[in-house]
Amino acid sequence: MKEALLPTIRIGSLLLLLAGCATVGAPAREGDEPTDDGQPPVVEPLGDEAAPGTDPAVGESPAAEGGEPAAEVVPPEDDIGIPDIEGRQPVAEAALPTGAGWDQFRVAKESADWAAAEQQLRQIIAANPGEARAYHELALVLVRFARLDEATDAARKAFELDRKLVAAARLAIALLARQSRLDEADAIADAAASIDARNVDYQNLKVDVLVGRKEYLRAIEMAKGLLKQDEVNVSVMKSLARAYFLMGKEKTAQYIYKRALELAPEDVEIVYYMALIAERTVNDRARVLTAFGKVVELKRDFPEALNNMGMIFYKTRNYDQAAQHFGEAVKYAPEFLEARLNLANALRGLNQFAEADKVLSELSETHPEFAAAYFNRGLLYWENEFGGLSQEERILKAVELLRKYKDVAGSNLAADDPADRYIKEALEYVDSLRKAKDEEVRLKAEAEAKLGRLKPEAEAEIRSMEELRARLVKGMEAWQTAGNVEKVNAFQALITEFDEGLGGMVTELKNAVANSSAEDVEYFLGELRNSAADFQTRVDELFAEPPPEPAPDATQPTAEPTAEPTAEPTAEPVVEPVAEPLPDSGSPIEYPTAEPAPVEDAAPQDAAPLEPEGDVPLEPEG
């Protein structure tokens with residue numbers, strides 16, 4: 001199977017920043033090599049282009065529920081300023097406001113009806129323009145639709161209305177960094193820092209901007225300084241750990257996240273990054289699956305975690321579970337393009353080619369700039385028979401889609417992009433199909449001409465063989481009548497040999513003629529002629545002594561008697577019919593061929609008795 005994945009071009013992926021965290025789906029990175037087994041892309045955190053890939057060489061243990069958690073991590077040698085926090089009070093997340101509008105929003109959110117959720121939030125904002133939490137939730141909903149500009153504005157508005165809502169500011173900064181609008185992100189961080197220089201949460205926004213700029217060392221240094229002011233600040237700990245994670249120092253990041261998790265055990269952002277670290281460092285798919293499962297337990301509508309779980313199932317060829325998890329990810333984030341692409345890949349693995357094509361077709365229609373959809377759809381047509389298309393039509397459709405992919409990708413194509421190679425292979429294959437078709441037409445015409453020539457010969461040979469067998473049967477019956485057992489046995493043996501040999505060839509030749517198969521007619525006709533030549537010699541030897549002519553059947557009546565009449569008259573006279581009646585007293589007399597029934601009181605006829613031929617007297621009737 002050819003690679004069915006995100007090609008090596010840079011494409012913008014869905015940002016999904018949930019619960020105020022900066023967790024997003026990452027795009028395919030420039031320079032990445034496509035895998036050979038058709039694995040879908042893993043969703044990574046924001047801005048990790050400089051970090052190692054999240055598709056490690058992991059073991060082949062099957063995905064399963066449960067599994068042991070990751071082993072304890074030894075604290076790193078460098079001083080990261082994380083104190084012993086045993087016994088600290090966990091940080092509780094602020095609950096959503098109450099009220100009729102908010103209750104309806106919760107219902108829409110739980111049912112993943114994001115259009116209704118957006119509508120309800122806008123109604124809340126219209127009724128109360130100063131509702132900061134409504135703007136924040138609206139930003140999160142808009143991210144699910146990939147409407148990043150609107151989401152950024154809503155997050156900014158939320159922080160402007162409520163400076164305590166730092167999560168909204170973090171969301172706005174992450175969105176701006178995702179759109180490479182880092183100057184605007186800096187402005188938000190600077191404005192927040194100027195409000196209160198001693199507020200660690202405000203100062204930490206600058207750390208997020210530095211991480212967005214990939215200035216990881218500066219971000220780490222600043223975060224450490226902030227932890228000296230507030231050593232149990234979860235937001236700062238998360239920013240610090242994320243900087244280490246994106247630098248590729250997973251164990252250090254894991255150590256910090258574990259300490260933060262003790263303060264905030266239900267912080268889904270921390271649990272998600274712990275799962276990503278496990279994916280990079282643990283050589284056990286079951287344990288990695290369990291780690292992502294914990295994310296989903298905390299937040300059922302966490303699309304990235306669902307997508308990554310689907311990828312693990314996909315790697316183990318469990319396409320049914322993979323499709324289910326990818327479908328869930330799409331349900332909770334309709335514009336999660338990578339998850340939709342992965343869903344098509346899983347359906348392809350299930351041989352549901354029409355369904356996979358529908359997903360990719362809709363993806364191309366709604367996002368014509370998403371080059372990967374054309375690439376994967378091209379491979380779908382290139383490798384699989386479906387849609388009622390002929391082989392040539394299907395391959396040409398694949399070429400059309402791969403060319404469209406190249407046009408959309410444009411300058412983002414990697415030097416070793418496989419599209420050109422696939423197009424070349426496809427066109428060569430189509431050329432071979434056309435040549436084969438032309439050859440088939442030529443051979444068919446030749447076969448028809450050959451059949452027209454051979455068919456009369458075959459039919460004549462069949463008749464000849466049938467007549468030969470009939471001749472053998474007739475000869476055997478003649479010797480049987482003559483009582484010559486030896487001759488009968490000889491004929492019977494030759495008839496049996498005919499049936500077991502030539503008779504089978506005659507049947508095959510008849511079938512070949514009926515099926516209009518020139519090749520078979522030619523073959524069996526030749527075989528029959530070769531075998532019949534030797535057999536005919538043996539028949540001629542057997543008929544060297546002609547069978548006796550059959551005696552006439554004495555039981556059959558003859559038209560006229562052939563034997564001389566006996567001297568004695570028969571009991572009944574034989575009456576010979578005459579062509580015309582004899583004249584007697586002028587009345588015609590009809591002579592019956594059988595004895596007439598006696599007639600009572602009949603007067604004797606006055607006629608002279610007839611004399612038969614041969615001087616045999618006839619007794620007069622009566």
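Using θ = phi - 60° and the Karplus relation 6.51 cos²θ - 1.76 cosθ + 1.60, list the HN-Hα couplings for the range 125-132 in order, rounded to whole Hz, with x at every Gly or Pro.
So the Karplus estimates, Gly and Pro as x, are 5, 4, 6, 9, x, x, 7, 5 Hz.
Sum up the charges of everything whose Cβ sits under 15 Å from the Cβ of Leu396, counting Lys and Arg as +1 and Asp and Glu as -1, but leave Leu396 out.
Computed value for this residue: 0.
May I ask you to sort Ile195, Ile495, Ile220 by Cβ crowding, counting other Cβ atoms within 10 Å and putting the fewest first?
With the fewest neighbours first, Ile195, Ile495, Ile220 line up as Ile195, Ile495, Ile220.
List Leu182, Leu337 from most exposed to least, where exposure is judged by having the fewest other Cβ atoms within 10 Å.
Lowest count first: Leu182, Leu337.
Quick one: Karplus J couplings for the range 425-435, per residue in order, coefficients 6.51, -1.76, 1.60, θ = phi - 60°, nearest Hz, x for Gly and Pro?
After applying 6.51 cos²θ - 1.76 cosθ + 1.60, I find 4, 5, 5, 5, 5, 4, 4, 5, 5, 5, 5 Hz.
When a footprinting reagent is the concern and you count Cβ atoms within 10 Å, what order do Lys157, Lys214 take, fewest first?
With the fewest neighbours first, Lys157, Lys214 line up as Lys214, Lys157.
How far is it, in nm, from the label point at Glu527 to the one at Thr281 when both lie 7 Å from their Cα along the line to the Cβ?
Simple spin-label model gives 7.3 nm for this pair.
Given points 7 Å out from each Cα along the Cα-Cβ axis, report the Lys424 to Asp320 separation in nanometres with one decimal.
4.2 nm
Residue separation times 0.36 nm, minus the C-alpha to C-alpha distance between Glu545 and Arg463: what's the value?
Length difference between fully extended and current span is 27.0 nm.
In nm, what is the difference between 0.36 nm times the number of residues separating Arg213 and Arg453 and their Cα-Cα distance?
78.0 nm
Could I get the Rg over Rh figure for the range 452-542? Both from C-alpha atoms, Rh via Kirkwood, rounded to two places.
1.06
Residue by residue, what Karplus-based ³J(HN,Hα) values in Hz, rounded to whole numbers, does the range 286-293 have, using 6.51, -1.76 and 1.60 with θ = phi - 60° and x for Gly and Pro?
4, 5, 5, 4, 4, 4, 5, x
Sorting check: for 433-445, 449-461, 226-238, which peptide has the highest mean count of neighbouring beta carbons within 10 Å, and how do the rest follow?
Output ranking for 433-445, 449-461, 226-238: 226-238, 449-461, 433-445.
Counting Lys and Arg as +1 and Asp and Glu as -1, what is the net charge of the other residues whose Cβ lies under 11 Å from the Cβ of Ala518?
So the environment of Ala518 carries a net charge of -1.
So, counting K/R as plus one and D/E as minus one, what does the shell of residues with Cβ under 12 Å around Ala329 add up to?
Summing Lys and Arg as +1 and Asp and Glu as -1 gives -1.
Computed from the coordinates by the stated procedures, all read-outs in this text should not be read as laboratory data. No experiment lies behind these values; they were computed from the predicted model shown. Ideal geometry is used to build each Cβ from the backbone, glycine not excepted, and the neighbour counts take in all protein chains shown.
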